[in-house]
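First comes the structure, then the notes that go with it.
The values are calculated or read from the model by the stated rules, or taken from the named source; none is laboratory data. The shown structure was predicted, so the numbers you read here are calculated from the model rather than taken from an experiment. For neighbour counting, all protein chains shown are included, and Cβ atoms are generated from backbone atoms with ideal geometry for every residue, glycine included. With ligands, DNA and RNA removed, areas are computed over all heavy atoms of the protein, side chains included. Shrake-Rupley method; radii C 1.70, N 1.55, O 1.52, S 1.80 Å.
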Protein chains: 2
Amino acid sequence: MGQFDVYETKERITADNLKAADEIRSLLKEKKVFFVNLMASPGAGKTTTLLRTIEGLKDHYRIGVMEADVDDIVDAETISKTGVKTIQLHTGCICHMDADMTKRGLDRLGIDDLDVVFLENIGNLVCPAEFDVGANLKAMILSVPEGDDKPLKYPLMFQVSDVLLVNKTDTMQVFDFDMQRLRENIDKLHSGMDIIPLSSKIGDGVQDWVQYLSEKIEEWRAS
Amino acid sequence: MGQFDVYETKERITADNLKAADEIRSLLKEKKVFFVNLMASPGAGKTTTLLRTIEGLKDHYRIGVMEADVDDIVDAETISKTGVKTIQLHTGCICHMDADMTKRGLDRLGIDDLDVVFLENIGNLVCPAEFDVGANLKAMILSVPEGDDKPLKYPLMFQVSDVLLVNKTDTMQVFDFDMQRLRENIDKLHSGMDIIPLSSKIGDGVQDWVQYLSEKIEEWRAS
């Protein structure tokens with residue numbers, strides 16, 4: 001075999017990104033805006049969960065949403081119908097949001113009149129995990145059909161997220177999904193991770209998530 | 001329907017990229033190194049074509065290769081066996097090489113002792129077309145099994161590439177591929193584009209491509 005060198009071209013990107021993410025955190029602190037980065041695979045139920053979350057929070061907080069997609073506007077159309085301030089971000093050939101793109105998105109959205117901003121990140125369990133976007137809370141969704149073994153395949157996403165929403169619990173029996181096995185798989189990576197089972201379609205457990213999120217917002221405001 | 005704004009987060013990236021690509025072109029001129037950006041879909045035969053190209057050129061030129069992949073080293077292993085200077089670039093969560101990553105790759109490869117450098121870009125017909133990496137020649141491969149209608153689906157790639165290699169011509173009859181129809185589809189996008197049919201597996205037409213490339217290299221050197 002011949003000799004060759006391997007160069008990880010993304011390394012410098014990660015370092016630049018952290019600096020930009022810290023700037024976002026300072027901005028959010030100054031503006032008193034709580035920022036949630038919502039991550040999941042395509043089809044895990046990000047948009048439906050976000051709709052339920054907006055429903056649960058909108059009487060108490062002024063909400064803004066940034067919908068990040070490679071190239072369409074379907075999710076922004078859905079979310080904007082709730083009446084909350086919405087912006088669609090197109091990332092083009094990039095499979096995640098980075099902090100610089102996020103900062104530009106926040107500027108474009110305008111956060112002076114908001115209390116809480118959600119970023120619905122690109123549907124992907126790998127890349128978004130690698131990019132800190134300055135969020136105060138990193139929430140991930142795993143849907144039951146994806147399986148209870150996913151922490152083994154996507155460890156970084158489970159390590160960096162603060163809270164896991166296990167969505168589509170109404171399909172638990174169809175898919176032989178074992179919540180205890182999931183917890184064991186997660187405990188090896190992120191001991192004590194907050195886990196909230198819910199079904200955004202039916203509504204079960206949504207109140208637990210809304211309550212959890214409200215407490216996080218209030219804790220942060222008081223800090 | 002609610003109101004929302006659409007923001008193309010990639011726009012600023014394209015502008016920064018062009019500046020970096022121009023810097024690469026200046027560097028190549030100074031070092032007298034001819035740089036080829038080789039683009040195609042996954043499985044179109046980039047690596048096999050590159051092996052044939054190296055075979056045809058290596059007695060006349062000192063060659064270097066940058067293999068860009070999201071995450072593996074298979075192609076760099078294959079190419080390095082030819083004895084040419086090879087480097088593997090990992091782009092991580094990015095589906096193309098940009099000029100900044102390319103510049104860092106060239107620095108890492110070291111081009112002082114080279115005459116020709118090939119970049120085997122990420123297997124993708126969309127994203128690499130959008131990023132100028134400062135190459136002197138942009139070559140794309142379309143393989144017969146992909147079909148003669150691909151210019152309609154990926155117009156930008158056919159517009160920006162200088163030359164099209166139509167690979168796997170030995171399977172032409174199996175796939176009902178019509179070279180005349182391909183030319184007509186291309187003429188609407190890039191009139192007069194150079195088209196070279198070949199089969200990198202069998203060797204047919206490879207000499208035409210090697211001859212074409214040698215002439216381009218000599219023209220550039222004389223300019």
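Counting just the residues of the range A:101-119 that are aliphatic (A, V, I, L, M) and outside any helix (DSSP H, G or I), which one comes out nearest to the other protein chains (Cβ to nearest Cβ)?
That would be A:L119.
Among the helices (runs of 4 or more DSSP H) lying completely within the range B:143-212, list those that include at least 3 residues that are surrounded by 14 or more Cβ atoms within 10 Å (Cβ to Cβ).
Numbers: elements: B:150-153, B:155-160, B:179-187.
The qualifying helices (runs of 4 or more DSSP H) are B:155-160, B:179-187.
Among the residues of the range B:115-134, which ones are at pLDDT 95 or above and open to solvent by less than 10 Å² (accessible area, probe 1.4 Å)? It would help to see each step written out before you state the result.
At the first step, the residues of the range B:115-134 found to be at pLDDT 95 or above are B:115-121, B:132-134.
Across the range B:115-134, the qualifying residues are B:V116, B:V117, B:F118, B:L119, B:E120, B:N121, B:V133, B:G134.
Considering only residues that are open to solvent by 20 Å² or more (accessible area, probe 1.4 Å), outside any loop (DSSP other than H, G, I, E, B) and more than 14 Å from chain B (Cβ to nearest Cβ), which ones fall in the range A:1-45?
Across the range A:1-45, the qualifying residues are A:L18, A:K19, A:D22, A:E23, A:R25, A:S26, A:L27, A:K29, A:E30, A:K31.
Give the range B:91-100 a look and list any residue that's more than 19 Å from B:I63 (Cβ to Cβ) and not in a strand (DSSP E or B), or say none. Can you show your working first?
Residues of the range B:91-100 that are more than 19 Å from B:I63 (Cβ to Cβ), as a first pass: B:91-96, B:98-100.
B:T91, B:G92, B:C93, B:C95, B:H96, B:D98, B:A99, B:D100, listed by residue number.
Among what's in the range B:101-112 and is open to solvent by less than 20 Å² (accessible area, probe 1.4 Å) and in contact (Cβ under 8 Å) with a residue 60 or more places away in the chain, pick the residue that is farthest from the chain's Cα centre (by Cα).
B:I111
Only one of (1) in a helix (DSSP H, G or I); (2) more than 10 Å from every other protein chain (Cβ to nearest Cβ); (3) open to solvent by less than 10 Å² (accessible area, probe 1.4 Å) fails for A:T48. Which number is that?
So A:T48 meets the others, but not (3).
Select from the range A:70-90 the residues that are in a loop (DSSP other than H, G, I, E, B), β-branched (V, I, T) and surrounded by fewer than 21 Cβ atoms within 10 Å (Cβ to Cβ) and write down the one among them that is farthest from the other protein chains (Cβ to nearest Cβ). Show your work before the answer.
Of the range A:70-90, the ones in a loop (DSSP other than H, G, I, E, B) are A:70-73, A:81-84.
Then keep just the ones that are β-branched (V, I, T); that gives A:70, A:73, A:82, A:84.
Right, trim to surrounded by fewer than 21 Cβ atoms within 10 Å (Cβ to Cβ) and you get A:70, A:73, A:82.
Values: A:V70: 10, A:I73: 6, A:T82: 7 Å.
It comes out as A:V70.
Considering the range B:51-69 alone, what residues qualify as being among the small types (G, A, S) and not in a strand (DSSP E or B)?
Going residue by residue through the range B:51-69, those that are among the small types (G, A, S) are B:56, B:64, B:68.
Residue satisfying the conditions is B:G56 alone.
So which pairs qualify, if the first residue must be in the range B:199-221 and under 22 Å from B:L142 (Cβ atoms), the second must be of a type in the set (S, T, Y) and not in a helix (DSSP H, G or I), the Cβ gap must be under 8 Å, and the two must be at least 6 apart or on different chains?
Cβ pairs passing all conditions: B:G205/B:S199; B:V206/B:S199; B:V206/B:S200.
Which of (1) within 7 Å of another protein chain (Cβ to nearest Cβ); (2) crowded, with 22+ Cβ neighbours inside 10 Å; (3) closer than 19 Å to B:A40 by Cβ is the odd one out, the single condition B:D98 does not satisfy?
Single failed check for B:D98: (1).
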